[in-house]
Amino acid sequence: SAAGKVAARGAFVLFEGADRCGKSTQAMRLVHTLEARGVEAELWRYPDRATAMGKMIDQYLRSKSEMEDGAIHLLFAANRWEKKALMERKLASGVTLVCDRYSYSGCAFTAAKGVDGLDLEWCRAPEVGLPRPDALMYLELSLEDAAKRGGFGEERYETTEMQRAVKASFEAMREDWWDVIDANREPDVIQDEVLRIALSAVEKCRAGRELKR
Ligand code: T5A
Ligand code: NA
């Protein structure tokens, strides 16, 4: 038939980790490096503070508004759901999405609050059905080394106790297929490792091969 060729799928490449581990730095660099190598790539980040829901999240994070812990958790998840169809269209059209935080941050941060009833299992429920990453790079940095990168900002969750609990939640969620990256190195050294992992995910998606998870 005259049916067009199906475009190779782009890869969903995700960075996760506690605050100041270098996610944004690595994600931005990766997009540039991939593009320079002819891989069509876009930088995505969550929360997406540009949407109506994202604006409510932004207000909450900047402590300009208060919300029940369950409600803000669902809002973070809804902020991913509202972008789901677009994300899937982009991936299907062959664009690789380099994403700065996703569902794993969503679960790690809410669970870290230690609120009765809002355990990891509860946190995961609204994430089920969202796109799963083809590669998840967990940037690992000790609290001490993170502290060397400057003081906390003004946002909610930027306290030592919260960050300690967030790291514990990530540890509890950690699965074999994640790539754990030592984030306490020079950005260029980290980027070499990040690029290898991303290119391998891009190749697998292009070839339509079974992914390791
Ligand atoms: N959240 C998020 C939820 O509760 N639920 C959710 O569902 C989601 C998606 C969003 C907040 O919302 C929470 C989590 C967060 O609390 P954000 O906007 O992602 O927060 O957070 P930011 O404050 O922008 O980013 P982080 O603090 O997490 O920092 P990054 O992105 O990990 O680190 P980066 O790259 O900005 O670097 C931090 C500093 O370190 C330096 C950088 O120059 C910068 O100064 N640096 C290095 N220094 C030495 N060596 C290296 N290798 C370095 N790499 C970077
Ligand atoms: Na960031």
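The values are calculated or read from the model by the stated rules, or taken from the named source; none is laboratory data. If you're wondering where the values come from, they're calculated on a predicted model, not measured in any experiment. Every residue, glycine among them, receives a Cβ derived from its backbone with ideal geometry; neighbour counts consider all protein chains shown.
Determine, yes or no, whether ALA112 is within 10 Å of ligand 1 (Cβ to nearest atom), in contact (Cβ under 8 Å) with a residue 12 or more places away in the chain, more than 16 Å from the chain's Cα centre (by Cα) and surrounded by 15 or more Cβ atoms within 10 Å (Cβ to Cβ). Taking the combined requirement at face value, the residue satisfies it. Of all the criteria given as (1) within 16 Å of ligand 2 (Cβ to nearest atom); (2) surrounded by fewer than 19 Cβ atoms within 10 Å (Cβ to Cβ); (3) within 27 Å of ALA172 (Cβ to Cβ), the one not satisfied by CYS99 is (2).
Condition first: more than 23 Å from LEU136 (Cα to Cα) and touching a residue at least 12 places away in the same chain (Cβ under 8 Å). Can you find one or more residues in the stretch 31-38 that meet it?
Checked against the condition, which is being more than 23 Å from LEU136 (Cα to Cα) and touching a residue at least 12 places away in the same chain (Cβ under 8 Å), the stretch 31-38 yields no hits at all.
Cβ-Cβ contacts under 7 Å between residues 6 or more apart (or on different chains), taken from a first residue in the stretch 166-185 that is farther than 28 Å from VAL115 by Cβ to a second residue that is among the basic types (Lys, Arg) and in a loop (DSSP other than H, G, I, E, B), are listed as TRP177/LYS212; TRP177/ARG213. Taking the condition touching an Asp or Glu at 6+ places or on another chain (Cβ under 7 Å), more than 11 Å from ligand 1 (Cβ to nearest atom), under 17 Å from ALA112 (Cβ atoms) and in contact (Cβ under 8 Å) with a residue 24 or more places away in the chain, does GLU158 pass? So GLU158 does not fit the description; no. Against the conditions (1) in a loop (DSSP other than H, G, I, E, B); (2) near ligand 1 (Cβ under 9 Å from one of its atoms); (3) under 15 Å from the mean Cα position of the chain (by Cα); (4) not small (Gly, Ala, Ser), LEU130 satisfies every one except (2). Here THR160 meets each of (1) within 16 Å of ligand 2 (Cβ to nearest atom); (2) at pLDDT below 95 with one exception, condition (1). Counting residues in the stretch 192-211 that are under 22 Å from LEU120 (Cα atoms), part of a loop (DSSP other than H, G, I, E, B) and in contact (Cβ under 8 Å) with a residue 12 or more places away in the chain gives zero.
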